[in-house]
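Working notes for the structure below.
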Amino acid sequence: MADCLAHYQKQSAQIPTLINLASDGLQAGGMLVQMLPRTAEETYEVEQNQDAGIDDDLWTRLSVLTRTVKAEELTTLDANEILYRLYHEENVVAPDPVALSFGCTCSREKCEMAIEQIGEAEVLDIIDEQGGNFEMDCGFCGEMYKFNKDDVTTIFSE
Ligand SMILES: [Zn+2]
């Protein structure tokens, strides 16, 4: 899976990317290391042969260090501990952590737009076959949207 993700990054973002994933059956952990493009200012300074403080060896060094992380460390240690163990000789600046929350952009309105694409006759046929409702479930969050004949008639009368 890490290889797939790294391949995708290479194809789409075209910036060097390292991905390490691990799982022990109960917990999973992972890290992604990316070399961000130079800023316009850094590029200018390099072009002018000025000392932009560019560390040409940085990616090589980080790649070697990143490959030393053990699967067990990825699943059991917190992020700061991993950062310290791997890169304590580098100048690491960590942003404040942001809590993750699940979010889905599905809505009844979007389902209505999909129903309009299918067409009224087709949807009404499906409702007959399925015993009174046209059901759409979101593949991401599992939310179920149901439409009966009245709902469909309303959609196509607007
Ligand atoms: Zn959803």
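The values are calculated or read from the model by the stated rules, or taken from the named source; none is laboratory data. Keep in mind it's a predicted model, so treat the numbers as computed, not measured. Here Cβ is always computed from backbone atoms with ideal geometry, including for glycine, and neighbour counts include all displayed protein chains.
Filter the stretch 11-33 down to the residues that are outside any loop (DSSP other than H, G, I, E, B), loosely packed, with under 14 Cβ neighbours inside 10 Å and under 15 Å from the mean Cα position of the chain (by Cα) and list them by number.
Scanning the stretch 11-33 gives a single hit, 12.
Within the set 68, 76, the sole residue that is within 15 Å of residue 33 (Cα to Cα), away from the ligand (no atom under 16 Å from the Cβ) and among the β-branched types (Val, Ile, Thr) turns out to be 68. Just one of the numbered conditions (1) loosely packed, with under 13 Cβ neighbours inside 10 Å; (2) in contact with an Asp or Glu (Cβ under 9 Å, 6 or more places away or on another chain); (3) not acidic (Asp, Glu) is not true of residue 91: (2).
Residue check: residue 152 meets all listed conditions (1) surrounded by 12 or more Cβ atoms within 10 Å (Cβ to Cβ); (2) within 16 Å of the ligand (Cβ to nearest atom) but one, namely (2). Summed over the stretch 101-139, the residues that are within 16 Å of the ligand (Cβ to nearest atom), of a type in the set (Asp, Glu) and over 25 Å from the mean Cα position of the chain (by Cα) give a count of 2.
Do we find that residue 91 is within 30 Å of residue 30 (Cα to Cα) and either more than 24 Å from the chain's Cα centre (by Cα) or charged (D, E, K, R) (or both) in this structure? Against the criterion (within 30 Å of residue 30 (Cα to Cα) and either more than 24 Å from the chain's Cα centre (by Cα) or charged (D, E, K, R) (or both)), residue 91 qualifies.
Being within 30 Å of residue 23 (Cα to Cα) and either of a type outside the set (A, V, I, L, M) or without any contact (Cβ under 8 Å) to a residue 12 or more places away in the chain (or both) is not true of residue 86.
Inclusion of residue 142 among residues that are within 16 Å of the ligand (Cβ to nearest atom), without any contact (Cβ under 8 Å) to a residue 40 or more places away in the chain and either in contact with a Lys or Arg (Cβ under 6 Å, 6 or more places away or on another chain) or not assigned by TED's automatic domain parsing to the domain that holds residue 17 (or both) is warranted. Residues in the stretch 6-21 that are over 19 Å from residue 57 (Cα atoms) and in contact (Cβ under 8 Å) with a residue 24 or more places away in the chain: 9, 20, 21. The criterion of at least 2 residues that are closer than 21 Å to residue 158 by Cα is met by the following helices (runs of 4 or more DSSP H) wholly inside the stretch 69-132: 108-118, 120-129.
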